[in-house]
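Asker: Sharing a structure below in structure tokens format, with a few things to ask.
The values are calculated or read from the model by the stated rules, or taken from the named source; none is laboratory data. Note that the coordinates shown come from a computational prediction; the quantities given were computed from them, not determined experimentally. Don't worry about glycine lacking a Cβ; one is built from the backbone with ideal geometry, like all the others, and counts go over all protein chains shown. Side chains are part of the model used for accessible areas, which takes the heavy atoms of the whole protein and leaves out ligands, DNA and RNA. Shrake-Rupley method; radii C 1.70, N 1.55, O 1.52, S 1.80 Å.
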Amino acid sequence: MLLSNKQKDDILNELMDFLKIPSISADSNYKNEILRAAKWTKNSLIKAGCERTKIFETDGHPIVYGEKIVDTKLPTILTYGHYDVQPPDPLDLWDSPPFKPIVKKTKIHPDGAIFARGSCDDKGQLFMHIKALEIMILNNSLPCNVKFMIEGEEEIGSSNLEVFLKNNSKLLKNDIILISDTSMISNTQPSITTGLRGLSYMELILTGPNRDLHSGLYGGAVLNPINELAKIISKFHDEKNRIAIPGFYEKVIEADFNERNKISLTPFNIKKYKKELQIEEVGGEKGFSTLERTSIRPSLDVNGIWGGYTGEGAKTVIPSEAYAKISMRLVPNQDWENISLLFKKYVESITPKGISLKIIKHHGGSPYLTPSSNDGYKAAQQAYTESFKKEPLPQRGGGSIPIVPLFEKILKSKSILMGFGLDSDSIHSPNEHFGIFNLFKGIETIPLFHKNFKKIFRK
Ligand code: BES
Ligand code: MN
Ligand code: MN
């Protein structure tokens, strides 16, 4: 499938229009933009040739559905993606405005990359699937039935999607789920994501005295909630950088020699990694490599911490309150509800009298593994080999897509994670971008998946 320059330009311009919509799911001020992005997605599905499309309202942001059924005897591929994006702040660290997409060349993307919030996560990647469908229909070469389910709440935990799956399992019936919302090793070494980490997200609110106090009049006599929060945080890891919450590792499946050996053979340059992040040394659980630390091992990080006086100059106070947001990344077979409970018990046990503690449980999700023996995996393997002229490597991802394990539980379907982004594309960060090469390689590889899946799949 060769695209003309005109076709490529049109595709790029269309994606730019999509990226101009600030569909920030976390911020209720952007509700109209969310609706606009949902409608845009539906229209692009219609333009691609979907015969049945619908926007489903939920208790949160809407879900866009579309399908093209060629023949009910053929296998059905369900594509999942999300049209919502992360908030763009801090805005002043962007070199160009987050919702004014522009193409710029970079070292890693010599053909250029589109800079905009959502370019890689996930509008650009989901758009590849819509365009691939459009091209397959145009060329009369669509080999399978396709369904699309595009949601608007992935970045805030997909909390309304589970009920939607339960209520619409017949509509969503499929033989494989295909997702491009992860990354690959590099533009010369494709990979298939064979696992995702789970997540448990918690928030702590510590309260000391009923009001901010003069730090001279009271200092040294009253527990300071920020000091105490710092002590609590310092007890999350032991001297080996293992997580110190009792029972935390109980359900962790320790990787065997074979698996660790495979990881050690994955191309990875620690020097470049440090250079790109401008750090002198990496850090994490003792006895594991960087790739292991971000795939087969769990982690705990404070995402935000605040309280007291943070304005200009100095103000001498003992604050009344201190706050922290904390995420834990989980691996098979950790259960996120159970981990949230262990976390809560541990924090309660190390909080001193004199400080009152409130713990808020935010969203979470289970870890996920895709077996590489599965038909979908094989179809993906062949598709990459044909388009990149190189065998893809399996690689477990460090991020989370909480709905993926629920697809398996509720729809009884496996998910194949064909991500075309790179870890260095700055998703969730300022200057997020997506390579032009990656965009068109994705559009080229997706129809090869469909072709191979039809060939391989046996009911
Ligand atoms: N697309 C990412 C997840 C991802 C990225 C997985 C790269 C593997 C490699 C997704 O949009 C995301 O950001 N998920 C959140 C979880 C969600 C509950 C907010 C995450 O991982 O923090
Ligand atoms: Mn995503
Ligand atoms: Mn994301």
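Asker: Being open to solvent by less than 30 Å² (accessible area, probe 1.4 Å), away from ligand 2 (no atom under 16 Å from the Cβ) and either outside the structural domain of Asp175 (by TED's automatic domain parsing) or not polar (S, T, N, Q) (or both): is that true of Tyr80 here?
Answerer: So Tyr80 fails the test.
Asker: Given the conditions (1) within 27 Å of Thr351 (Cβ to Cβ); (2) within 11 Å of ligand 1 (Cβ to nearest atom); (3) surrounded by fewer than 23 Cβ atoms within 10 Å (Cβ to Cβ), and given that Asn210 satisfies all but one, which numbered condition is not satisfied?
Answerer: (2)
Asker: Turning to a different aspect of this structure: Can you tell me which of Ile21, Ile55 is at pLDDT 95 or above and open to solvent by 20 Å² or more (accessible area, probe 1.4 Å)?
Answerer: So the residue among Ile21, Ile55 that is at pLDDT 95 or above and open to solvent by 20 Å² or more (accessible area, probe 1.4 Å) is Ile55.
Asker: Same structure, new question: Would you please name the residue that is nearest to Asp335 (Cα to Cα), looking only at residues in region 368-384 that are hydrophobic (A, V, I, L, M, F, W, C) and crowded, with 18+ Cβ neighbours inside 10 Å?
Answerer: Residue satisfying both the conditions and the ranking: Ala380.
Asker: Quick check on my filter: what residues within region 285-317 are open to solvent by 20 Å² or more (accessible area, probe 1.4 Å), among the aliphatic types (A, V, I, L, M) and under 25 Å from Asn261 (Cβ atoms)?
Answerer: Selection gives Leu291 alone.
Asker: Right, something else. If you scan region 112-134, which residues turn out to be under 17 Å from Met184 (Cβ atoms), part of a loop (DSSP other than H, G, I, E, B) and out of contact with any Gly (no Cβ under 6 Å at 6 or more places or on another chain)?
Answerer: Across region 112-134, the qualifying residues are Ser119, Asp121.
Asker: Tell me, please, whether a residue that is open to solvent by 30 Å² or more (accessible area, probe 1.4 Å), over 26 Å from Ile185 (Cα atoms) and acidic (Asp, Glu) can be found in region 422-438.
Answerer: The answer is no; no qualifying residue exists.
Asker: Do we have any residue at all in region 390-403 that's farther than 20 Å from Pro267 by Cβ and free of Cβ contacts under 8 Å to residues at least 24 places away in the same chain?
Answerer: no
Asker: What about Val282, is it at pLDDT 95 or above, in a strand (DSSP E or B) and surrounded by fewer than 18 Cβ atoms within 10 Å (Cβ to Cβ)?
Answerer: no
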